[in-house]
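Contents: one structure, followed by commentary.
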Amino acid sequence: MKDEEIVGRASEIKILKETLKSSESEFLAIYGRRRVGKTYLINKFFSGKGTYFEVTGQKDGLLQDQLEIFINAYSKYFYEGLQLRTPVSWREAFQLLDNKIQSSPKSKKFVIFLDELPWLASRKSNLMQVIDHFWNSIWSKMPNVILIVCGSAASWMIDRLINAKGGLYNRLTKVIHLQPYSLKGTQEFLHHKGIDLKPMQILDIYMAFGGIPHYLKQIRKGKSAMQNINDVCFQEDGVLYTEFNRLFDSLFDHSDTHKSIIREIGSKREGISRDDLIEKTGIKSGGRLNKRLEELESSSFIQSYVPLGKKRKDKFYRISDEYTYFYLKWIEHLVERGASGGRAYWKTQSKTQSAITWKGYAFEMVCYKHIDQIRAALDLEEIFCEIGPWRYLPRKGALESGAQIDLMFDRDDGAITICEIKYSDTVFSIDKKIAKNLTQKIMTLDRHYSVDKQMFIAFITTKGIKHSIWSDDLVQNEVTLNALFVF
């Protein structure tokens, strides 16, 4: 497999090439949510480049289970599947590996890939201590050794390895946080599969699937976004019909709590405050809630944010994973009833007001992930900006209305760019009602944001805005969907 055949991972390939060419030993950690392509990336890049050994942990496996998996992999890679005695401990298992490394040519790279490390390092397994010993005492001094550890439980990887305080403190030489594809990456991935879709079709798929390679593999050539979504999400044999529970149960030991939290967050389009989350879920404030939120955020299912002008205590949480939000809004009620959608289910549902509302939020979610592209389109790359949403909630009983701005760039050149994000199947038209609402937002921002800056309005839309007396009077900048399809 040529490196060029690994699609849409240019920055990661650069790191892996540096790792392979290094004249010193390398200890790489790679993490990211399940199905994002971590194993594929490592396997395809390193296979055939030196001696390669890979072992994958088993979810909820006991120590004996993990050691049996290890010895089977060891036999497969080095002894053509010959049955070997299972080691009694990780220390004995790693000694077998070390013996193989010591007897290998020093001019040849020896790659050890421990996939799903959080599963391999089962309770009381002592695996982390064994890794600590072999790396610090032996392998770190061998320039031909590359040790790679991988995990989908991002919080575990961060706490136990990346930010480790024990013997593995500061031992990693490189870290990759593998993210879902961007819109451009998704376009390249589909093109590589022989599927060429227009940006709006790709956006519609992205808003339901996210940029997850495993999900995008389900896209079929010759079918529209609507048809593919219907097949993959709303039929009982569709991969994404029951993916939600499998995904959360495989990642989290207390998945029911995680699901409860994310359902509550998903019920609020604008996100939910910590206090409201505690009240709605009944989970007490403290370490337990903090840990669950941390696990969800590090796995990229939710995102915490502090609205511009607010303090840290005013933190909000919103869903950041497209598939999760789509599942909660559209698939879950079918799964609970044991029903599937008909062959035209999504064609019918996608025209409803509920779907129009969902598309509006889903497009916002996509825009938050393409801030760099939006910033470039607004020509703000060389200007320092505080970036985020802004909101004003009046006190109870106040006469004035609240206001929320989807996205705002508070610039250090004496200006603020206010972005309105609008999904539309056609060119977006600003009418008198929209203009009045936008003017009210600007007045509220001017009163309550406490800065004296020039305000510019930008519209981020799928197909641009229709020019009228309202748009010409209000809008200074436009960003269309095509601007999001750049690296």
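The values are calculated or read from the model by the stated rules, or taken from the named source; none is laboratory data. A quick note: this is a predicted structure, and the numbers were derived from the prediction, not measured. Every residue, glycine among them, receives a Cβ derived from its backbone with ideal geometry; neighbour counts consider all protein chains shown.
Data for the structure
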{"item": "Residues satisfying the stated conditions in segment 233-254, i.e. under 16 Å from Glu294 (Cβ atoms) and either in contact (Cβ under 8 Å) with a residue 12 or more places away in the chain or buried (at least 16 other Cβ atoms within 10 Å of the Cβ) (or both)", "result": "Phe248, Leu251, Phe252, His254"}
{"item": "The one condition in (1) in a loop (DSSP other than H, G, I, E, B); (2) assigned by TED's automatic domain parsing to the domain that holds Gln227; (3) polar (S, T, N, Q) that Asn170 fails to fulfil", "result": "(2)"}
{"item": "Where Asp115 falls short, out of the listed (1) surrounded by fewer than 18 Cβ atoms within 10 Å (Cβ to Cβ); (2) in contact (Cβ under 8 Å) with a residue 24 or more places away in the chain; (3) acidic (Asp, Glu)", "result": "(1)"}
{"item": "Answer residue from segment 211-253, given it is of a type outside the set (A, V, I, L, M, F, W, C) and farther than 25 Å from Gly342 by Cβ and is modelled with the lowest pLDDT among those", "result": "Asp253"}
{"item": "Selection count where residues are touching a helix residue (DSSP H, G or I) at 6+ places or on another chain (Cβ under 7 Å) and within 15 Å of Asp253 (Cβ to Cβ), scope segment 109-125", "result": "3"}
{"item": "Helices (runs of 4 or more DSSP H) wholly inside segment 328-371 that include at least 2 residues being aliphatic (A, V, I, L, M), surrounded by 16 or more Cβ atoms within 10 Å (Cβ to Cβ) and in contact with a helix residue (DSSP H, G or I) (Cβ under 7 Å, 6 or more places away or on another chain)", "result": "353-368"}
{"item": "Segment 372-381, subset assigned to a loop (DSSP other than H, G, I, E, B) and free of Cβ contacts under 8 Å to residues at least 40 places away in the same chain, residue nearest to Gly309 (Cα to Cα)", "result": "Leu380"}
{"item": "Condition met for Cys385 (crowded, with 19+ Cβ neighbours inside 10 Å and either modelled with pLDDT under 95 or touching a Lys or Arg at 6+ places or on another chain (Cβ under 6 Å) (or both))", "result": "yes"}
{"item": "Matching entry among Ser125, Ser152 (being of a type in the set (Gly, Ala, Ser) and closer than 25 Å to Leu41 by Cα)", "result": "Ser152"}
{"item": "Hey, Leu63 over 16 Å from Gln179 (Cβ atoms), more than 25 Å from the chain's Cα centre (by Cα) and not small (Gly, Ala, Ser) or not", "result": "yes"}
{"item": "Close pairs from segment 126-140: first in a helix (DSSP H, G or I), partner at pLDDT 95 or above and hydroxyl-bearing (Ser, Thr, Tyr), Cβ under 7 Å, at least 6 apart", "result": "Trp139/Ser25; Ser140/Ser25"}
{"item": "Residue among Ser75, Ser23 that alone is part of a helix (DSSP H, G or I) and exposed (fewer than 15 other Cβ atoms within 10 Å of the Cβ)", "result": "Ser75"}
{"item": "Any hit, segment 442-453, residues being within 30 Å of Tyr206 (Cβ to Cβ) and among the β-branched types (Val, Ile, Thr)", "result": "no"}
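Each row is one residue, and each column tells you yes or no for (1) exposed (fewer than 13 other Cβ atoms within 10 Å of the Cβ); (2) at pLDDT 90 or above; (3) among the charged types (D, E, K, R); (4) closer than 29 Å to Phe384 by Cβ.
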{"residue": "Glu420", "(1), (2), (3), (4)": "no, yes, yes, yes"}
{"residue": "Ser429", "(1), (2), (3), (4)": "no, yes, no, no"}
{"residue": "Lys436", "(1), (2), (3), (4)": "yes, yes, yes, no"}
{"residue": "Thr444", "(1), (2), (3), (4)": "no, yes, no, yes"}
{"residue": "Lys453", "(1), (2), (3), (4)": "no, yes, yes, yes"}
{"residue": "Ile457", "(1), (2), (3), (4)": "no, yes, no, yes"}
{"residue": "Ile460", "(1), (2), (3), (4)": "no, yes, no, yes"}
{"residue": "Trp470", "(1), (2), (3), (4)": "no, yes, no, no"}
